[in-house]
Amino acid sequence: MCGIVGYIGKKQAAPIILDGLSKLEYRGYDSAGIAVYNGNQIITKKAVGRLKVLENLTHGGENIKGLSGIGHTRWATHGAPNDLNAHPHTNSAGTIAVVHNGIIENYIKLREKLTRHGYEFVSETDTEVLAHLLDYYYKGNPLEAVTKVLHRVEGSYALGILFSDFPDEVYAARKDSPLIVGQSEEGNFIASDVPAILKYTRTVYYLDNQEVAKIGRDNIKFYTVDEEEIEKKPKTVDWDADAAEKAGYEHFMLKEMYEQPKTVADTISPRIKNKDIVFEELKLTDDELRAINRIHIVACGSAYHTGVTAKYVIESLAKIPVEVDVASEFRYRHPLLEKGSMVIVISQSGETADTLAALRESKEMGIKVLGIVNVVGSSIAREADSVIYTWAGPEIAVATTKAYSAQLVVLYMLAMKLAKVRGRLADKEFQEMLKELQTIPDQIELLLGQKQKIQHFANRYVGAKDIFFIGRGIDYAISLEGSLKLKEISYIHSDAYAAGELKHGTISLIEDGTLVVALSTQPELFAKTISNIKEVKARGAFVMAVTNEGNKEIESEADYVVYIPEINPYFTNSLAIIPLQLFAYYVAVGRGCDVDKPRNLAKSVTVE
């Protein structure tokens, strides 16, 4: 959530900053602003609403001249979305400008201190405290002022700072909120995510916690919060720049759904060597894998749903007990992490605040942490003891599709690897599963070809008020994700239930015409799910069933059936989710919703 872009170099800053912010719109925001040094002073412009409003206000940045500046898209935390609360924030004289992602937890105490010293506040934000605190400590040395502020604040932050006294420098700092520094011959950048600057450079530095960067037009220096200079090595981003553009699709979400076959293949193929699964980046030996006696999976949102699937697969294949926690609850239930346990944290961005906090708490307790992430160099990737990358490339739409699919296949492979090294999976069965695993990309491709059929059905439900998803076992995990996809982009109330729970209260919500999406892909649970379908049909529900090819008997019970290809039951989530993604997408399009940027949501949730 929130986006930061800064630039200093040989070109006009404002158009570059606005262009960079446009690449971060997927992160979620409700206002935008920009500050540029024009040769005499810092000029600040802000606007509520979409970035287009700010672009129109500044004529695409053309009427704010200057070679250095910072910009921000804000997702409201402290104070309502309005011009006063929008970033950048400045000191009273307008000589210091700040943009900030994160939350300053002790801002009230700091605000009271500054008020006693005569400072006046015009906004409700925690960020304005930073601008005045910088002013309070500034005595002619920007680096000294920045580090003194960082010693006083508590919470999370990614900062971009301008000082009018030092127009040839932009300052940046971070703690628990992502921030990168980009380097090019035409100038240097700061940004909260790679897509913002991918058009201009592939050479980036990843700031670590409590590090400060002083960025000039042709030089970059890094410091600790104690002003000690440090050396950092740049990384090269190998994403395809075109991958961050729509490439002719109406929405990023649709494009990313169609990228799933390639994403899954890219994630699977390099890991299959000599008829075995090899995670070269995992850094765990077979003996260490055998020694694991319990697994805790911690994640948020869709990543949590992949964890629910993984629990069924790992426990069944490898016979290792697995607990799955929503990351925001994990720390606060005071988990009992025993010696021999492993914590797996899953995050597309690698910056999810609650998941990152769970990682750190686990490590403090002496537990090894495995990170499954998509972004190389992200905080989770750097701080986890081991990492497995999903290699999905940039995912722009807020509602995840291809990253979810990549996480699923990584977890399948991990479960198979654990089962094999522990002697729980015979080589013949392992080889058969490996062969089926490699068919998933082509099967997804086939299911995406059903889009017109799904679109036609979805058009009937653009006016729905309530939709329910049910399933048992892995089908329940699929239901969770199908329901989330629908509600987050169409704004239709939707819930997922373990099908056996229907008769314990939920069935009272079923009325004539209520759509119930029933997942039935697990052979041993098929008959029981049929019984649940009969229960909701008896109360007037219209049932859409998703099941495997060959289960023709379901047609006598369901009103509409979507068939997925036959595949190993452990892998069915990868296929059954595709029609549910398409259904959610076309319902949302039919309702005129902003599919890529749903209201109130952010792509990367970097605050608790």
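The values are calculated or read from the model by the stated rules, or taken from the named source; none is laboratory data. All values reported here derive from a predicted model rather than from experimental measurement. Cβ: placed from backbone, ideal geometry, glycine included. Neighbour counts: every protein chain shown. Ligands, DNA and RNA are stripped out before the accessible areas are found, and what is left, the full protein with its side chains, is counted by its heavy atoms. Shrake-Rupley method; radii C 1.70, N 1.55, O 1.52, S 1.80 Å.
Checking the conditions here, which among Leu179, Leu150, Leu133 is under 19 Å from Ala93 (Cβ atoms) and out of contact with any Asp or Glu (no Cβ under 6 Å at 6 or more places or on another chain)?
It is Leu133.
Of the residues Arg333, Arg271, which is open to solvent by less than 60 Å² (accessible area, probe 1.4 Å) and among the basic types (Lys, Arg)?
From the options Arg333, Arg271, the qualifying one is Arg271.
Go through (1) surrounded by fewer than 22 Cβ atoms within 10 Å (Cβ to Cβ); (2) in contact (Cβ under 8 Å) with a residue 12 or more places away in the chain; (3) closer than 25 Å to Phe222 by Cα; (4) out of contact with any Phe, Trp or Tyr (no Cβ under 7 Å at 6 or more places or on another chain) and name the single condition Gly160 misses.
Unmet for Gly160, out of (1) surrounded by fewer than 22 Cβ atoms within 10 Å (Cβ to Cβ); (2) in contact (Cβ under 8 Å) with a residue 12 or more places away in the chain; (3) closer than 25 Å to Phe222 by Cα; (4) out of contact with any Phe, Trp or Tyr (no Cβ under 7 Å at 6 or more places or on another chain): (1).
Quick one: Leu150 ticks every box in (1) open to solvent by less than 40 Å² (accessible area, probe 1.4 Å); (2) in a strand (DSSP E or B); (3) within 28 Å of Arg382 (Cβ to Cβ) bar one, so which box is it?
(2)
May I ask you to list pairs of residues, at least six apart or on different chains, whose Cβ atoms are under 9 Å apart, with the first in the range 192-214 being among the aromatic types (Phe, Trp, Tyr) and the second being part of a loop (DSSP other than H, G, I, E, B) and open to solvent by less than 20 Å² (accessible area, probe 1.4 Å)?
Correct list of pairs: Tyr206/Pro178; Tyr206/Leu179; Tyr206/Gly377; Tyr206/Ser378.
Just need a number here: residues in the range 346-375 that are more than 14 Å from Ser156 (Cβ to Cβ) and among the charged types (D, E, K, R).
Matching residues across the range 346-375 total 4.
Taking the residues in the range 493-531 that are within 11 Å of Ala558 (Cβ to Cβ) and of a type in the set (S, T, N, Q) as candidates, determine which candidate is nearest to the chain's Cα centre (by Cα).
Ser520
I'm checking my understanding of the structure. Among residues of the range 42-89 that are part of a loop (DSSP other than H, G, I, E, B) and among the basic types (Lys, Arg), which one is nearest to Glu169 (Cα to Cα)?
Result: Lys65.
Condition check: under 25 Å from the mean Cα position of the chain (by Cα), of a type in the set (Lys, Arg) and open to solvent by 10 Å² or more (accessible area, probe 1.4 Å). Does Lys52 satisfy that?
yes
In the list Gly473, Gly482, Gly423, which residue meets the criterion of being closer than 30 Å to Ile292 by Cβ and touching a helix residue (DSSP H, G or I) at 6+ places or on another chain (Cβ under 7 Å)?
Gly473
Got a number for residues in the range 336-359 being farther than 21 Å from Pro178 by Cα, surrounded by 18 or more Cβ atoms within 10 Å (Cβ to Cβ) and not aliphatic (A, V, I, L, M)?
Of the residues in that region, 1 qualify.
Count, please, the residues in the range 90-111 that happen to be in a strand (DSSP E or B), open to solvent by less than 20 Å² (accessible area, probe 1.4 Å) and either β-branched (Val, Ile, Thr) or more than 17 Å from Pro167 (Cβ to Cβ) (or both).
6
For the range 534-571, give me each residue that is open to solvent by 30 Å² or more (accessible area, probe 1.4 Å), touching a strand residue (DSSP E or B) at 6+ places or on another chain (Cβ under 9 Å) and closer than 18 Å to Val516 by Cα.
Scanning the range 534-571 gives Lys537, Phe542, Glu555, Glu557, Asp559, Tyr560, Tyr563.
Pull up the range 39-49, narrow it to residues that are in contact with a strand residue (DSSP E or B) (Cβ under 9 Å, 6 or more places away or on another chain) and closer than 14 Å to Gly66 by Cα, then point me to the one that is most open to solvent (accessible area, probe 1.4 Å).
Lys45
Residue under question is Glu280, and the condition is that it be closer than 30 Å to Gln183 by Cβ, more than 21 Å from the chain's Cα centre (by Cα), modelled with pLDDT under 90 and not in a helix (DSSP H, G or I); does it hold?
So Glu280 passes the test.
Do we have any residue at all in the range 61-73 that's open to solvent by 40 Å² or more (accessible area, probe 1.4 Å), farther than 20 Å from Ser177 by Cα, at pLDDT 95 or above and in contact with a Lys or Arg (Cβ under 8 Å, 6 or more places away or on another chain)?
Yes, the conditions are met somewhere in the range 61-73.
Six or more apart or on different chains, Cβ atoms under 8 Å: show the pairs whose first residue is in the range 384-412 and among the aromatic types (Phe, Trp, Tyr) and whose second is in a loop (DSSP other than H, G, I, E, B) and surrounded by fewer than 24 Cβ atoms within 10 Å (Cβ to Cβ).
Tyr389/Glu281; Tyr389/Val376
Suppose the filter is surrounded by 17 or more Cβ atoms within 10 Å (Cβ to Cβ) and over 29 Å from Ser379 (Cβ atoms); does Leu114 pass it?
When the stated conditions are applied, Leu114 passes them.
List the helices (runs of 4 or more DSSP H) that sit entirely inside the range 410-521 and contain at least 3 residues that are buried (at least 21 other Cβ atoms within 10 Å of the Cβ) and not β-branched (Val, Ile, Thr).
Because the criterion is at least 3 residues that are buried (at least 21 other Cβ atoms within 10 Å of the Cβ) and not β-branched (Val, Ile, Thr), the helices (runs of 4 or more DSSP H) in the range 410-521 that meet it are 474-490.
Return a yes/no flag: does the range 127-136 have any residue that is surrounded by fewer than 21 Cβ atoms within 10 Å (Cβ to Cβ), over 21 Å from the mean Cα position of the chain (by Cα) and under 15 Å from Tyr7 (Cβ atoms).
no
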